[in-house]
Structures are given as structure tokens and as C-alpha cells.
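K.L.:
So that we are looking at the same thing, I have put the structure below in C-alpha cells.
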Amino acid sequence: MDIRAAVLRETNQPLLVETLDLGPPKAGEVLVEMRASGVCHSDWHVVTGDSEVDLPVVLGHEGSGIVAGVGPGVDDLKVGDHVALSWIPFCGACRACHHGHPNLCQVYLPALWAGTMLDGTHRLTDTAGAPVHHLSAISTWATHSVVPAVSCVKMPDIPFEISALIGCGVTTGVGAALNKAKVHPGSTVVVYGGGGVGLSIVMGAMLSGAGKIIVVDLNADKEALAHSFGATHFVATGDGTDPVEAVREITGGVGADYAFDAVGHTGIESQLIATIGQFGTAVMVGFPKAGATFDIDPAHVIRDEKVLTGSIFGSAHTHRDFVHYAELYVSGRLPLDQLVTGRYGLDDVNQACHNMLDGAAGRGVILF
Ligand SMILES: [Zn+2]
Ligand SMILES: [Zn+2]
């Protein structure tokens, strides 16, 4: 079938919205009519070449839509189902899956890095007959996509733009607070980065009953939105303010119980560990450039028993957590409507990316 999709043919060049041919779903696959897709920094890492993905590729990995067809062997999904898509398909049978960490399943990584479906083949072809690569086997910046059934999570009746954001940014942030850090009531939480993931960490900290939530961002314009999600303090560092000192002051010299890096710029990691106090936990969430390294003082880790850890995709069990976050949205405990700050058509995808890079607060969403 003919579809329209945002194709990256060359790094650091604008995306081209093209007509492509999409093959039918094979065994274990689902055809999804896309309804909404978020715009995430991880897509931009492909545009800049920081994430090495074979080109051309259809980008987008934060999407939701309606099941429009199923391949052989798919019996738990049917035409008309509302699904949110996960960008980490898991096998259910490897060591990570058996130990309760499906977000760390590596069984399908070779196919995902190769830009193919899980069986190593392509469903996308351009008008010249050449194969076009898939991103995380879901390529959501397209009117339709063929995806693995295991990447589909059947969702309750919520807006598609909300279920799309649950497909990456919301789960990444809320899950880092709930699943990885397990934030305690009354504790102090610092979040570096007031974008979509950072605000999702704030929401997770609110759900956990954190006492103080301090957002650190270069851009002072993000303060009002951060407060609307529950931040009690905001530290703008664009004027050279030292966030470590600012947090020390706010916490009476003690330091924070938890600190999260939602940005991933090298340099923040060292601040992160200095921001927490004794027996505090620092969680790295944002991805720095490949190959980047950082220094920490071992004495901080040993003498103060600080913990430094990471969290990918919110340490999520997607089929459990996507539905939980949707239920929390319905009951008013996750104010996800406030997160959507820009809506675009597929043809405006380049503008949506530029607005994200310009530091637009919240999340931009492409609606189909
Ligand atoms: Zn993402
Ligand atoms: Zn597995």
C-alpha cells in the first residue's frame, strides 16, 4: 500500500515527506494506522548522525494508532484496537526478560540497529524500488506502519497524542522515578532538564510524594511549566548559576536524595553525583554523545555511599506500565495534557524538530 512518511536520506539534511510502499504484515506483525507521534531528541540523534542508523530511514519512535490489519499468528490484537507502540521489543525468554527487565532485552538489538523488522527484512520501499530502513521496527513518522505485535500495547480510551507520549518520553521519565529510583515520600528530588522527559520525572516524583522537587535548566522560560507539573523550586543556570550550590542552599547543606539527568550533556554527570547527599541516588536518563566519558570523585561514592545508576525507557515493563500511566492520566494523577505544547501535521515535521531544538517547553506531537 502507498503511505506517506518522513524520510531521512542524508544526515544533517531536512527530512523529506515521501510516498513509500508499505508491504503487508508478516507473521507476528501488525499494520497500524498512525494517529499521533511525538517528537523526541532520540530522533534528532539520528538526524545528526550521533545514532548510527543506516539511511534512508523513516524516523519516529513515539507513536500510537489503530490496528488496521494483523499478520499470521497474531491473536491478541484485532482491527480497531487502540495501541501505543514500544521502541524496545522484548523476547520474553532471555535472561533479562526472565529476571524482570524486558527493557534490557537484547535479542532483537541486531535487527533494530540494522534498521529492519525483527526477521531481518524490510517492509518499506521507495518509488525507485529501493528498501527504506525502519527505526526501532516501528517508524512512527508515517501515516501507516507495520510493527511487531510485541511492540503494541493495547490502550484504554484516551487521546492518541497522550498514548503516543506514553510510548517514549512519559514512560522514560515517570518510570525512572517509580521503577528505578523508587522515590520515597517526603524526599528531595533534583531533575536536570525541564523538557518532556524531565517534566515526566517531575510527575513521577509527584506521584511518589516527594517533598521538594527542584528543576534545573539553562532556560529560565521553562520555570512556569515546571511549577505547573509540581516543581517546588527552579534553578536557571543560563546566567552561570552553579546548580550544585543552589541545591545545597535549598536543602540546608544536605544535598538531594535523588538526582536525575534528563539532558545527557557531558559534564552534568559529575554535577549529578555532587548534587545528591549521603546515601543519595543519581540516575542517568539522557544519552550523552557516543564515546563521551566523565570524572567522579570515588570518595563521594565510598565515604557517602552514593549510588550512581542509569535507566533506559523508564526501566519499564511496557505492557504493564503503559496501561498504568494511561489509568493515572484518566484519574487526573498524571497531567499529560499539559505536556503537549505543539501540534503539527506530517508536512511540518522539520519545523517540529526545530522548535524542539530551540528549547520549546513540553513536547511537540505530529497528528495524522
Ligand atoms: Zn524517545
Ligand atoms: Zn528477552
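The values are calculated or read from the model by the stated rules, or taken from the named source; none is laboratory data. Here the structure is a predicted model, which means the values were calculated and not measured. Ideal geometry is used to build each Cβ from the backbone, glycine not excepted, and the neighbour counts take in all protein chains shown. Each accessible area value is taken on the protein alone, full model and side chains, heavy atoms only, with ligands, DNA and RNA left out. Shrake-Rupley method; radii C 1.70, N 1.55, O 1.52, S 1.80 Å.
K.L.:
Looking at the P(r) of the chain, how many percent of alpha-carbon pairs lie beyond 26 Å?
P.N.:
Cα-Cα pairs of the chain separated by over 26 Å account for 49 percent.
K.L.:
To make sure I understand the rule: partners must be lysines, Cα under 18 Å from the Cα of residue 212, and not fewer than 8 residues away in the same chain. Which ones qualify?
P.N.:
Reachable lysines: 182, 222.
K.L.:
Run down the lysines and flag those whose C-alpha is under 16 Å from the C-alpha of residue 26, throwing out any fewer than 8 positions away in its chain.
P.N.:
Correct list for residue 26: 78.
K.L.:
Moving to a separate point now. Is the C-alpha gyration tensor of the stretch 282-368 telling us rounded, prolate or oblate? Criteria: a/c under 1.5 is rounded; beyond that, a/b larger than b/c is prolate, otherwise oblate.
P.N.:
Oblate, because a/c is 1.5 or more while a/b does not exceed b/c.
K.L.:
Also: Quick check: net charge around residue 296, other residues with Cβ under 12 Å of its Cβ, Lys/Arg +1 and Asp/Glu -1?
P.N.:
For residues surrounding residue 296, the net value is -3.
K.L.:
Per DSSP helix of 4 or more residues, -39500 (n - 2.57); summed, then divided by the residues of the chain. What does that give at 222 nm, rounded to the nearest 500?
P.N.:
-6500 deg cm²/dmol
K.L.:
Ok, one more. Nearest 10 degrees, 0 to 90: what angle lies between the long axis of helix 196-207 and the longest principal axis of the chain (Cα atoms)?
P.N.:
60 degrees
K.L.:
Sort 154, 222, 180 by heavy-atom solvent-accessible area, probe 1.4 angstrom, most to least.
P.N.:
Result, largest first: 154, 180, 222.
K.L.:
May I have the extent of the alpha carbons of the stretch 176-311 along their three principal axes, as whole Å values ordered from largest to smallest?
P.N.:
On the principal axes, the stretch 176-311 reaches 37, 31, 28 Å in Cα extent.
K.L.:
Starting with the highest mean, order 161-171, 16-26 by the number of other Cβ atoms within 10 Å, averaged over the residues of each peptide.
P.N.:
Ranking, from highest mean packing down: 161-171, 16-26.
K.L.:
Just the accessible area for residue 254, please: 1.4 Å probe, Å², rounded to the nearest 10?
P.N.:
In the full protein context, residue 254 sits at about 100 Å².
K.L.:
Ignoring ligands, DNA and RNA, what percent of the accessible area of the stretch 273-347 is carbon or sulfur (1.4 Å)?
P.N.:
54 percent
K.L.:
Shifting gears a bit: Can you order the peptides 62-72, 140-150 by their average number of other Cβ atoms within 10 Å per residue, highest first?
P.N.:
140-150, 62-72
K.L.:
Follow-up question, since we're still on this one. What order, most packed first, do the peptides 87-94, 304-311, 130-137 have when packing is the mean number of other Cβ atoms within 10 Å of each residue?
P.N.:
Put in order of decreasing packing, that is 130-137, 87-94, 304-311.
K.L.:
A follow-up question, please. Quick one: angle between helix 318-330 and the longest Cα principal axis of the chain, in degrees between 0 and 90, rounded to 10, please.
P.N.:
Roughly 70 degrees, rounded to the nearest 10.
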